[in-house]
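Any read-out appearing in this document is the output of simple, stated calculations on the displayed coordinates, not a laboratory observation. Everything numeric in this text was worked out from a predicted model, so none of it was measured. Cβ placement follows ideal geometry from the backbone for every residue including glycine, while neighbour counts extend to all protein chains displayed.
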Amino acid sequence: MTEKSTRLIHHPYRPPAGFESPQVAVHKASTIVFPSVAAIRQRDWIHKQGYTYGLHGTPTTFTLEERIATLEGGRHCILVPSGLASVAHVGLSLLKTGDDVLLPENVYGPSKALAQGELANFGITHQFYDPMDPADLAARIGPRTRLVWLEAPGSVSMEFPPLVALARLCRERGVTSALDTTWPAGIAFNAFELAPGVGVDVVAQALTKYPSGGGDVLMGAVVVRDDALHERLQRTHMRLGWGVSGNDAELVLRSLPSMALRYRAADHSARAIASWLGQREEIAQVLHPAFPGSPGHENWLEVCGADGQAAGLFSVLFDGRYTQAQVDRFCESLQLFKLGYSWASHLSLVVPYEMRTLRRHWEPAGGLVRFSIGLEDTDDLIADLDQALKALG
């Protein structure tokens, strides 16, 4: 080798083995180099027995997958580019033309849009069931039902469903059940073991939220226990060409050690703030699963326990005398709380919702506002809310 350009690419130096540090190394690759033709033909990427191509995993992404699987109480994990991608991946892996999927009425909005759009275009039908009524789910499960989505708690409106009864019903009917675990995050409860002998088959989590914790990473995960189900999901993953960057995987790996602490801190602060809001005459109701009187509180107790944890996420209903314009002005008057979607970062967020555009049957008259509590001082956040409530007039 005489030319520098060649020598820079084919330099013979290799660093010595044995280097280890607290953080996992960042491996970035599309091409992965093989030592021999035999290795090309023998490597098994499905079971993490080797590396074949960047989309099929690197030491960095394999490590993150194993840690997320442990967090969720599963055996196998697949990484995808976002939380919504994790939901889409489950549907595209397990459903085909002629199948029917059941979704709770309070499902995450983009999940509903996916069913009404792409899945419908593929000839996959869908129904919505009352998540608070197992009998309604039972009545809708039919011979074409292949997948039931569960949501705990409901998106925005925060109802906590009877998860144990719903999961047991799916298992008795032989229908695959999937749960969005972004809210419990593998901490508040184990979705695979909701009760003795009762659990879901698949969990999908937006790693964008608590596992990342910085509001700067988009990533999702699909976790299962069953080997055959994992292989089915893995092969679809390969065919769709999903991939996550090594740098993003490293950011999540850096955040995981502090995740339980951040979850607990946000929970503690959220309960204090929700309790304070519950005493205000401007607020008609606090929607927080851990609060008595919130829809499905008894169901939260069943799976989380009286001393259980909850995410730093809750909603409130304003008194009906306030117009939507006034509620919007309250949100815009906040200084520490920022207007923005997503949640579970260090930054507290607020979003007002016009619920009649999200739910077919919405009865409360007051405007709904969802809060995501970050890591700011609790008293400072309460002071911010106090000054904004004064702007209601």
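Descriptive notes on the structure:
- Every helix of 4 or more DSSP H residues in the chain counts as -39500 (n - 2.57), and over all residues that averages to -10500 deg cm²/dmol at 222 nm.
- The label point for D319 and the one for R140, both projected 7 Å from the Cα toward the Cβ, are 3.6 nm apart.
- Between S36 and A391, the simple spin-label model (points 7 angstrom out along Cα→Cβ) gives 7.0 nm.
- Of all beta bridges that DSSP places with both ends in the chain, some 60 percent have antiparallel geometry.
- Computed from Cα atoms alone, the Kirkwood hydrodynamic radius reported for the stretch 143-188 is 11.4 Å.
- Counted by Cβ distance under 13 Å from G278, the other residues give a net charge of -1, where Lys and Arg count +1 and Asp and Glu count -1.
- Close amide H partners of F371, meaning residues 5 or more places away or on another chain with modelled amide H under 5 Å apart, are F314, S315, V316.
- Cα-based shape type of the stretch 1-50, given that a ≥ b ≥ c are square roots of the gyration tensor eigenvalues and the cut on a/c is 1.5: oblate
- Within the stretch 301-393, the trypsin sites (Lys or Arg not before Pro) that combine a DSSP coil assignment with at most 10 other C-beta atoms in a 10 angstrom radius are R360.
- Based on alpha carbons, the Rg and Dmax found for the stretch 170-230 are 12.8, 41 Å.
- Evaluated at q = 0.07 Å⁻¹: base-10 log I(q)/I(0), Debye formula over Cα of the chain: -0.36
- In plain terms, the bigger the Kirkwood radius, the slower the diffusion; for the stretch 258-392, with that radius from Cα pairs, at 20 °C and 1.002 mPa s, Stokes-Einstein puts D at 141 µm²/s.
- Modelled this way, with points 7 Å down the Cα-to-C-beta line, the labels at T70 and R239 are 3.3 nm from one another.
- Ordering of 38-45, 284-291 by packing is 284-291, 38-45, highest average first (other Cβ atoms within 10 Å, averaged per residue).
- Calculated P(r) of the stretch 37-257 - Cα pairs past 21 Å, %: 53
- Taking the DSSP bridge list for the stretch 37-257 and keeping only pairs wholly inside it, about 40 percent are antiparallel.
- Its relative contact order, with pairs defined as Cα atoms under 8 Å and 6+ residues apart, puts the stretch 37-257 at 27 percent.
- For the stretch 73-150, alpha-carbon Rg relative to the globular expectation (2.2 N^0.38 Å, N residues): 1.11
- Listed pairs K112/K209; K112/K338; K28/K338; K28/K112; K96/K338 exceeding 31 Å between Cα atoms: K28/K338; K28/K112; K96/K338
- C-alpha long axis of helix 83-94 to longest principal axis of the chain, angle in °: 70
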